[in-house]
Amino acid sequence: AKQCPICDSNFTTYSQKQFEEHVSGHLATPTKSLASILNTFDVLESPGSEEVLELDNAFNLSPSEIRNREFYLKYSATRDIYIRAGRSGPGFCEVVGWEAGTHQSTDIFRNHELDHEMVYLARKETRSCGSISWLVNWAGISFTPYAITVKLPHTIFNQGKVSWCLKLGDQVLPGYRGGILELSECQIRGHPHSLQVCAELSSDESAQNSSVAWQHAQLFRQKDSDVNHFPFVIHIKFCERSTVVEENHALNMSPEEVRRKEFLLKYSTAKDIYVRPIKSGNQEVRGWLAGVYGVNDMFRKHEHDHKMVYLARKEGANTGTVKWRVNWSGCSIVPKDVIVSLPHTTYYSGKVTWYITIGEQTFPGEQDGYLCLRDLVLGPVSHLDVFAHVEGGSSSTPWGNVAWQHAQLFRQKETDSRYFPFVINILFKDEY
């Protein structure tokens, strides 16, 4: 970085025009010639008509973020700072200047409308298109993301256009016009080691000749007095690669559970963890997929507007299924009592069917989501399966075709961290 010889402002790579505008502001009463001042800078002018800032900045996970298995970044256009939660201990790390956090920028600048008291990012006045990207990198770390939320609010006037996407490994996922894109583990392929957020600002050809066309596509527009709002957000949650779903992932009883003759599993949708009590405390497994034996077209949905969390079938799928298996093969025990809590919520014509199987026997679940079996008389069996099937719903609602939302498992408030709606509790006896 270079410093302005008059005000000591720090710069990265600026065009000749930007340097002239900055330095000219100091020369109302010139003490040096503009040319002599500009000679103190390393100025890179792009050979073409575009100014491309190859900043190559990347947000690499810090030790504290690795420990917490979470990356959280937000940006305020008003304050022109990035804040990174937990970057150093429990506090925050601030990075000043929108360019300081971008991976690449082409013909983008931060505009402050003094008359309207608004601030935003836009393409430059003389350019027909501008682009910008941010990069989060976790290469070399044995983690994989299981939940990603990106908020990239944008404002469009007249013929303005904003297109944006996420690049996650070999996946390119287009962003929604609403400016929010959420990915769950079932939408993330393989083990990507980076996330890139890309946006392009432009307008229809019919509006290119307008002198204010550059203002018709804006990112992160907010009032210049709104210092507490951070419109741009990248939030990534990670888990160990070994805990990502593998087909036929059974819940095998531990020696301690066999000695106690009891298996107890609880799952919280809000915290997205399974808990199994053991003598030394609670054993926690992060990520709902880490405990399932089989799954088809299901995902964990987080409704930020209603602040609710639940499992549902994927959007566009007619049905969804999920199965859990508890295995005690070779332990010489059989179930005596079984209690399963599988609460579910339906709307319109949504339907949830669930049951458990033990050996050759099937026990249908109750509509209230609770099943209690006492004093079972069973022959030699080695496992118990809990199976749930979601389907139905209405495609004609005031909110459009959201039938996939009309059959839900384990719905709860996002703040309800003490409640574990899904429970499997099995008491055993010696096998005769």
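With the cut-off at 1.5 for a/c, could you classify the range 295-367 from its C-alpha gyration tensor as rounded, prolate or oblate? It would help to have the intermediate numbers written out before the result.
Values: a/c = 2.26, a/b = 2.13, b/c = 1.06.
Note, shape of the range 295-367 comes out prolate.
Among the trypsin sites (Lys or Arg not before Pro) in the range 263-362, those located in a DSSP loop and surrounded by at most 13 other Cβ atoms within 10 Å of their own Cβ are 279, 307. Counting only protein heavy atoms, what percent of the accessible surface of the range 248-289 is carbon or sulfur at a 1.4 Å probe? That share works out to 46 percent. Heavy-atom accessible surface of the range 296-378, averaged per residue, reaches 50 Å², computed with a 1.4 Å probe. Distant-in-sequence amide contacts of residue 224, defined by a placed amide H-H separation under 5 Å and a gap of 5 or more residues or a different chain, comprise 118, 119. In this structure, the pairs whose alpha-carbon distance is over 23 Å, taken from 279/301; 74/307; 271/323; 151/266; 271/336; 237/307, are 279/301; 151/266; 271/336.
What's the FRET efficiency of residue 117 with residue 304 using the Cβ-Cβ distance as r and R₀ = 35 Å, to the nearest 0.05?
Details: r = 28 Å, r/R0 = 0.79.
The computed FRET efficiency comes out at 0.80.
Sparsely packed loop sites in the range 147-181 (the trypsin sites (Lys or Arg not before Pro) outside DSSP H, G, I, E and B with at most 11 other Cβ atoms within 10 Å) comprise 177.
Annotation for the range 106-207: GluC sites (Glu not before Pro) lying in DSSP loop with at most 13 further Cβ atoms inside 10 Å of their Cβ are 117, 125.
State, as an integer percentage, the relative contact order of the range 89-157 based on alpha-carbon contacts under 8 Å between residues 6 or more apart.
On the way: 56 pairs, mean separation 18.2, N = 69.
Worked out over the range 89-157, it gives 26 percent.
The values are calculated or read from the model by the stated rules, or taken from the named source; none is laboratory data. Predicted model, so just to flag it, every value in this text is computed and none were measured. With ideal geometry, Cβ positions are generated from the backbone for all residues, glycine too; neighbour counts draw on all protein chains shown. Quick note on the areas: whole protein, heavy atoms, side chains included, nothing else; ligands and nucleic acids left out. Shrake-Rupley method; radii C 1.70, N 1.55, O 1.52, S 1.80 Å.
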